Amino acid sequence: QVQLVESGGGLVQPGGSLRLSCAASGFTFSAYVMSWYRQAPGKERELVASAGGRTNYADSVKGRFTISRDNSKNTVYLQMNSLKPEDTAVYYCNGRSFRTNYWGQGTQVTVSS
């Protein structure tokens, strides 16, 4: 059974930091591109960062967010620094291969004073 379980979301003040984690099981983690997406109210889901052979970032988070993965723990992380109110969204973990696409349930991140 495939599972992607996100954790680490919450309420943080502007300028603060959060670290999201996504624990994966049920598939060959190291063979998948792992990504973080987010969806704000009234907006489409957007790619935040991905980690496969290389890492990629949305322009809006470059220099503030860092994606990393630990294949020995089947876990992908998203370190978020210098958070802004516009980073408020539900953040989703995604695992993708040529044939399959898995999603977590999401974790809420709210940036507000």
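No lab work stands behind these numbers, since they all come straight from the coordinates. Owing to the predicted nature of the structure, the values given are computational and were not obtained by experimental measurement. Glycine gets a Cβ as well: all are built from the backbone with ideal geometry, and neighbour counts include every protein chain shown.
Using a/c under 1.5 as the rounded threshold, could you call the range 69-109 rounded, prolate or oblate? The axes a ≥ b ≥ c are square roots of the C-alpha gyration tensor eigenvalues, and prolate needs a/b larger than b/c, oblate otherwise. It is oblate, given that a/c is not under 1.5 and a/b is not larger than b/c. The trypsin sites (Lys or Arg not before Pro) of the range 15-113 that DSSP puts in a loop, and whose beta carbon has at most 11 other beta carbons within 10 Å, are 43, 54, 62, 99. Within the same chain, lysines fewer than 8 places from residue 43 are excluded, and of the rest, those with a Cα less than 25 Å from its Cα are 62, 84.
Placing +1 on each Lys and Arg Cβ and -1 on each Asp and Glu Cβ, with no other charges, gives the range 1-80 a dipole about its Cα centre of roughly 120 debye. If you average the C-alpha positions of the range 1-64 and of the range 85-113 separately, how far apart do those two centres end up, in angstrom? A separation of 5 Å, based on Cα centres.
Which residues does the label zone of residue 64 cover in the range 73-87, counting backbone N under 18 Å from a point 7 Å along Cα→Cβ? Taking a point 7 Å out along Cα→Cβ of residue 64, the residues of the range 73-87 whose backbone N falls under 18 Å are 78-87.
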